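One structure is given here, and the rest of the page talks about it.
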Amino acid sequence: MRLDDLYAQPGLTLSVEFFPPKTDKGDENLFSEIEIIKRLNPAFCSVTYGAGGSTREKTVDLVDRIHRQCALEVMCHLTVVGQSKDEARAILDKLKAKGIENLLALGGDPPQGSAEWKPHSDGFHHAVELVREAILRGGFSVAVAGFPEVHPRALSRQADLQYLKEKVDAGATAIITQLFYDNQDYYRFVEDARRIGIAVPITPGVLPVLSAPQVRRFVSLCGSKIPAKLEEELGKVELDDDGAVKMGIDYASRQCEELLRFGVPGFHFYSLNKSRSVVAVCKNLGIGD
């Protein structure tokens, strides 16, 4: 089922993100976690593309396998960086041949070891070009990323919002946000987007904390911030990963409860290939089985 149809259904649209494991054991563990997450009845899951498009073949194979074996709708990430236009088109053709209808069009992260983001010499330059290409080919429902705290490479907040509108005007049917830990950033982002005519669903991306060092690294990479309240909580579990998981579940549950009252269309959980926190947060919210 297409993203636009999934978001049109009544109730919350729950989705979960995975990444391609590097080993056979990782694959085995992931599919065990997916079976647990399936009990939540997610509308769809997504699979990341890797920095610089580094996992493109693994991503497509994993998307296909989850779709076939797990009977889940899958959204495949596709990025601009690290591949030519012909390579991107070949991925689109391969996805279409496998019956994959949903796509998340992204600029992408630079390859590991490279601090500078730059497109392929013969590639697309912006995610909006991927949106147009997918729509032109037909058969795809395309989501794009939104940044409540502004994209790190954006010239300004207003420029970032206008670019988001350009992606929606090109045919994107949903927006999934980067992780954030202060709901005020999301509220402001949604209000500003609606003010300039963006009407598609804007789903908050939620990453429950799994460890203090890990969340610090993630927010640094994506240009988000750690609010004072969360910083205080992290300080108590700096060297206690199990305690950090429990704290992360509590924090994410409170965060999502507030978001529900705001009227979000759903949640997109960054699972890091683990089910425990996602399942616990959903249980606390009373959603899923």
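What's the total number of residues in the range 63-84 that are out of contact with any Cys (no Cβ under 8 Å at 6 or more places or on another chain), surrounded by 23 or more Cβ atoms within 10 Å (Cβ to Cβ) and outside any loop (DSSP other than H, G, I, E, B)?
4
In the range 137-146, which residue that is within 25 Å of Gly266 (Cβ to Cβ) and surrounded by fewer than 22 Cβ atoms within 10 Å (Cβ to Cβ) is nearest to the chain's Cα centre (by Cα)?
Kept after step one, since they are within 25 Å of Gly266 (Cβ to Cβ), are these residues of the range 137-146: 139-146.
Checking which are surrounded by fewer than 22 Cβ atoms within 10 Å (Cβ to Cβ) leaves us with 139, 141, 145.
On the way: Gly139: 21, Ser141: 15, Ala145: 7 Å.
Restricting to residues being within 25 Å of Gly266 (Cβ to Cβ) and surrounded by fewer than 22 Cβ atoms within 10 Å (Cβ to Cβ), the top hit is Ala145.
Among (1) assigned to a helix (DSSP H, G or I); (2) modelled with pLDDT of 95 or more, which single condition is Ile198 missing?
Tallying (1) assigned to a helix (DSSP H, G or I); (2) modelled with pLDDT of 95 or more, Ile198 fails exactly one: (1).
Against the condition at pLDDT below 95 and more than 30 Å from Arg132 (Cβ to Cβ), how does Pro208 come out, does it pass? Talk me through it step by step, then tell me what you get.
On the way: at pLDDT below 95: no; more than 30 Å from Arg132 (Cβ to Cβ): yes.
Against the criterion (at pLDDT below 95 and more than 30 Å from Arg132 (Cβ to Cβ)), Pro208 does not qualify.
Could you tell me which of the residues Leu234, Leu239 is outside any helix (DSSP H, G or I) and either over 25 Å from Val63 (Cβ atoms) or of a type in the set (Val, Ile, Thr) (or both)? If you could, list the steps in order and put the result at the bottom.
Numbers: Leu234 fails: outside any helix (DSSP H, G or I).
Only one candidate qualifies: Leu239.
Here is a yes/no grid of residues against (1) modelled with pLDDT of 95 or more; (2) within 17 Å of the chain's Cα centre (by Cα):
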site: Arg188; (1), (2): yes, no
site: Asp192; (1), (2): yes, no
site: Thr203; (1), (2): yes, yes
site: Leu221; (1), (2): no, yes
site: Ser224; (1), (2): no, yes
site: Leu230; (1), (2): yes, no
site: Ala244; (1), (2): yes, no
site: Ile249; (1), (2): yes, no
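Quick check: anything in the range 14-25 surrounded by fewer than 17 Cβ atoms within 10 Å (Cβ to Cβ), of a type in the set (D, E, K, R), part of a helix (DSSP H, G or I) and under 20 Å from the mean Cα position of the chain (by Cα)? Please lay out each step first, then the result.
Step one: list which residues in the range 14-25 are surrounded by fewer than 17 Cβ atoms within 10 Å (Cβ to Cβ), which gives 22-25.
Then drop every residue that is not of a type in the set (D, E, K, R), which leaves 22, 24-25.
Narrowing further to those that are part of a helix (DSSP H, G or I): 24-25.
Next cut, under 20 Å from the mean Cα position of the chain (by Cα) only: none.
Within the range 14-25, not a single residue is surrounded by fewer than 17 Cβ atoms within 10 Å (Cβ to Cβ), of a type in the set (D, E, K, R), part of a helix (DSSP H, G or I) and under 20 Å from the mean Cα position of the chain (by Cα).
What pairs come out if I take residues in the range 264-280 that are within 9 Å of Thr13 (Cβ to Cβ) and pair them with residues that are in a loop (DSSP other than H, G, I, E, B) and open to solvent by 10 Å² or more (accessible area, probe 1.4 Å) whose C-beta lies under 8 Å away, six or more apart or interchain?
Pro265/Leu12; Pro265/Pro201; Gly266/Leu12; Gly266/Ala43; Gly266/Pro201; Phe267/Leu12
Can you tell me which residues in the range 254-289 are assigned to a helix (DSSP H, G or I) and β-branched (Val, Ile, Thr)?
Going through the range 254-289, the residues assigned to a helix (DSSP H, G or I) turn out to be 254-262, 276-285.
Within the range 254-289, Val278, Val279, Val281 qualify.
Which number in (1) outside any helix (DSSP H, G or I); (2) under 30 Å from His125 (Cβ atoms); (3) open to solvent by 30 Å² or more (accessible area, probe 1.4 Å) marks the one condition that Glu87 misses?
It is condition (1) that Glu87 fails.
If you check Ser277, Ser253, which single one turns out to be closer than 15 Å to Ile37 by Cβ, among the small types (Gly, Ala, Ser) and surrounded by 16 or more Cβ atoms within 10 Å (Cβ to Cβ)?
Exactly one of Ser277, Ser253 is closer than 15 Å to Ile37 by Cβ, among the small types (Gly, Ala, Ser) and surrounded by 16 or more Cβ atoms within 10 Å (Cβ to Cβ), namely Ser277.
Check the range 210-223 and report whether any residue there is touching a His at 6+ places or on another chain (Cβ under 9 Å), in a loop (DSSP other than H, G, I, E, B), open to solvent by 10 Å² or more (accessible area, probe 1.4 Å) and farther than 18 Å from Val264 by Cβ.
Among the residues of the range 210-223, at least one is touching a His at 6+ places or on another chain (Cβ under 9 Å), in a loop (DSSP other than H, G, I, E, B), open to solvent by 10 Å² or more (accessible area, probe 1.4 Å) and farther than 18 Å from Val264 by Cβ, which makes the answer yes.
Would you call Phe31 within 25 Å of Leu272 (Cβ to Cβ), aromatic (Phe, Trp, Tyr) and either modelled with pLDDT of 85 or more or outside any loop (DSSP other than H, G, I, E, B) (or both)?
Working: within 25 Å of Leu272 (Cβ to Cβ): yes; aromatic (Phe, Trp, Tyr): yes; either modelled with pLDDT of 85 or more or outside any loop (DSSP other than H, G, I, E, B) (or both): yes.
Taking the combined requirement at face value, the residue satisfies it.
For the range 147-164, what are the residues that are charged (D, E, K, R) and either part of a loop (DSSP other than H, G, I, E, B) or open to solvent by 60 Å² or more (accessible area, probe 1.4 Å) (or both)?
Let us first name the residues in the range 147-164 that are charged (D, E, K, R), namely 149, 153, 157, 160.
Of everything in the range 147-164, those that are charged (D, E, K, R) and either part of a loop (DSSP other than H, G, I, E, B) or open to solvent by 60 Å² or more (accessible area, probe 1.4 Å) (or both) turn out to be Glu149, Arg153.
The values are calculated or read from the model by the stated rules, or taken from the named source; none is laboratory data. Remember, it's a predicted structure, so these values are computed and weren't measured experimentally. Glycine gets a Cβ as well: all are built from the backbone with ideal geometry, and neighbour counts include every protein chain shown. We work out accessible area using only protein heavy atoms, side chains counted, and drop any ligands, DNA or RNA first. Shrake-Rupley method; radii C 1.70, N 1.55, O 1.52, S 1.80 Å.
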